[in-house]
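Have a look at the structure below, then the notes.
The values are calculated or read from the model by the stated rules, or taken from the named source; none is laboratory data. This one's a predicted model, so the numbers in the text were calculated from it and none came from an experiment. Heads up, the Cβs are rebuilt from the backbone with ideal geometry, glycines too, and the neighbour counts pull from every protein chain shown.
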Amino acid sequence: MAADAVDEALKGLTSLVPLLETVQATPRAKLGVHEAVDDEFEQQLEDQTQELPTLLCLPILLHAYGGSSGPSVADILEISEGEYRRGCLSGFARAEECADAVGARVLEVIRRDAGVPRVVVQWLERELMD
């Protein structure tokens, strides 16, 4: 059981590297806001987040494209970072269990935020439909 958890964590961390590289190579200015969508980035985002929990990808995308002064997932949920980590990020399985509720709340907020690129909003919409 513990070995399976370690294997899952290592696989997840390995899958995280391409996402971080793509985010680093795709500045926010390239994505624009509102209805502008970069099709290549959208496809990369879809491919690179497929094996990762939504709640692992979400803070990366919010920080990179929502602005560093924007709210964190915990801020949006109106709980402390510690509570959020303990409650939702204690493991990949727990992150998946919390993804729908947390994702729905974050989506509600970022749909109203004109500073979040449309491609990020669309990504979260698709994640919640899966």
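Some values worked out for this structure:
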read-out: Test: residue in segment 1-14 that is surrounded by fewer than 19 Cβ atoms within 10 Å (Cβ to Cβ), at pLDDT 75 or above, of a type outside the set (Val, Ile, Thr) and more than 16 Å from residue 89 (Cα to Cα); value: no
read-out: Filter result for residue 29 (under 22 Å from residue 129 (Cβ atoms), at pLDDT below 90 and aliphatic (A, V, I, L, M)); value: no
read-out: Segment 44-57 residues that are in contact (Cβ under 8 Å) with a residue 40 or more places away in the chain, paired with ones that are assigned to a helix (DSSP H, G or I) and of a type in the set (Phe, Trp, Tyr) (beta carbon under 6 Å, 6 or more apart); value: 45/123; 53/92
read-out: Among (1) at pLDDT below 85; (2) under 17 Å from the mean Cα position of the chain (by Cα); (3) of a type outside the set (S, T, N, Q); (4) part of a helix (DSSP H, G or I), the one test that residue 17 misses; value: (1)
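Every residue, every condition in (1) within 21 Å of residue 13 (Cβ to Cβ); (2) at pLDDT 95 or above, yes or no:
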residue: 79; (1), (2): no, yes
residue: 83; (1), (2): no, yes
residue: 92; (1), (2): yes, no
residue: 95; (1), (2): yes, no
residue: 98; (1), (2): yes, yes
residue: 105; (1), (2): no, yes
residue: 114; (1), (2): no, no
